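Chemist: Just passing along the structure, written as C-alpha cells.
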Amino acid sequence: MTQEAKERGPLARFLVEDHRRLDVLLQAAATQPAQVNREVYDQFRVGLLRHIGMEEKILFPAVQRWRGGTPLPIAAKLRLDHGALATLLMPTPTPAILATIRRLLRDHNVLEEGPGGVYDLCDQLAGSEAESLLKDLLAAPSLAVMPHSDSPAVMTTLRRTLERAGYRMEADIGRDVPVTPVRES
C-alpha cells in the first residue's frame, strides 16, 4: 500500500482500488490492436456498472444527507459522466469505444480521486458512519446487463449523452476515433 493510500480514509481507499481494478480490466480488453477481448470486456462492463451504481445509489445519497439535503456541486457533472459511460457500454465494443471510455474515465476519475476530490470529501463527511457505508458499498450487488445493441436509437442516444457530458463525437463510434472534450473558446 502506498503512503498516499495509507493516508486516505476507508471509502477513498476502497473506491480508488476499485478504479484500479477496472483500469486493469479495460487495459486487458484491448491488448490486441483493432480487437476487443470480449470476455475481459464483459467483466469490465459489469464492474463499471456496479461501481456507478455504488456511487449513484449509496455514496451520493449519503453525501447529500450529510450535507443537510444539499448535493455536492460536482454531483451533476459526475452524473452526466456516469450516464455517458453507461451509454458507451450499450453498443458492441470496438477499439474506438474503449478509447472513448478510457478518455472519459481519465477525466472523471481525477474529480473523484484527486487530493480533496469527492472520495476524500466523502471520508471527511462520513465520520463515524464511514465503516457502515463501506459495508454497504461492499455489499452492492452485481448487475445483470442487457445484450449489446448497435441500433440507430442507441447510437443516437450515445452521441447525445456524450455531448451532454461535455464530449463530442469526432466520427462514427464504429471507427477507431475517440471523442474529445469540448473545449471552451
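Chemist: If I model a spin label at A144 and K77 as a point 7 Å from the Cα along the Cα→Cβ vector, what separation in nanometres do I get?
Modeler: If labels sit at A144 and K77, their model points lie 3.7 nm apart.
Chemist: Convex hull volume of the Cα atoms in the range 55-115, per residue, in Å³?
Modeler: 83
Chemist: For the chain, what relative contact order do you get, as a whole percent, if you take Cα pairs closer than 8 Å and at least 6 residues apart?
Modeler: Dividing the mean separation by the residue count of the chain yields 29 percent.
Chemist: Taking the Cβ of D107 as the centre, find all other residues whose Cβ is under 11 Å away and add up their charges (Lys, Arg: +1; Asp, Glu: -1).
Modeler: With Lys, Arg at +1 and Asp, Glu at -1, the net is +2.
Chemist: With everything on Cα atoms, drop me the angle between helix 95-113 and the longest principal axis of the chain, reported from 0 to 90° to the nearest 10.
Modeler: In the chain, helix 95-113 runs at an angle near 20 degrees to the longest axis.
Chemist: Using modelled backbone amide H atoms (1.01 Å from N, in-plane), which distant-in-sequence or interchain residues come within less than 5 Å of Y167's amide H?
Modeler: For Y167, the qualifying residues are V182.
Chemist: How much of the accessible area of the chain, in percent, comes from carbon and sulfur atoms when a 1.4 Å probe is used?
Modeler: 55
Chemist: Let me check the size of the range 1-92 from its C-alpha atoms; what are the radius of gyration and Dmax in Å?
Modeler: 15.5, 49
Chemist: Continuing with the same structure: Could I get the Rg over Rh figure for the chain? Both from C-alpha atoms, Rh via Kirkwood, rounded to two places.
Modeler: 0.97
Chemist: Just from its helices, what would the mean residue ellipticity at 222 nm be for the chain, if runs of 4 or more DSSP H residues each count -39500 (n - 2.57) and the sum is divided by every residue, rounded to the nearest 500 deg cm²/dmol?
Modeler: Taken over the chain, the calculation gives -19000 deg cm²/dmol.
Chemist: In Å², what does the accessible area per residue of the chain work out to with a 1.4 Å probe?
Modeler: 53
Chemist: Once phi is turned into θ = phi - 60°, what whole-Hz ³J(HN,Hα) does the Karplus curve with 6.51, -1.76 and 1.60 give for every residue of the range 153-167, x standing for Gly and Pro?
Modeler: Residue by residue, the range 153-167 yields 5, 5, 5, 5, 4, 4, 4, 5, 5, 4, 4, 4, 7, x, 10 Hz.
The values are calculated or read from the model by the stated rules, or taken from the named source; none is laboratory data. As the structure is a prediction and not an experimental result, all values here were calculated from the model. Virtual Cβ from ideal backbone geometry, glycine too; neighbours counted across all protein chains shown. These area figures cover heavy atoms from the full protein model, side chains too; ligands, DNA and RNA do not enter into them. Shrake-Rupley method; radii C 1.70, N 1.55, O 1.52, S 1.80 Å.
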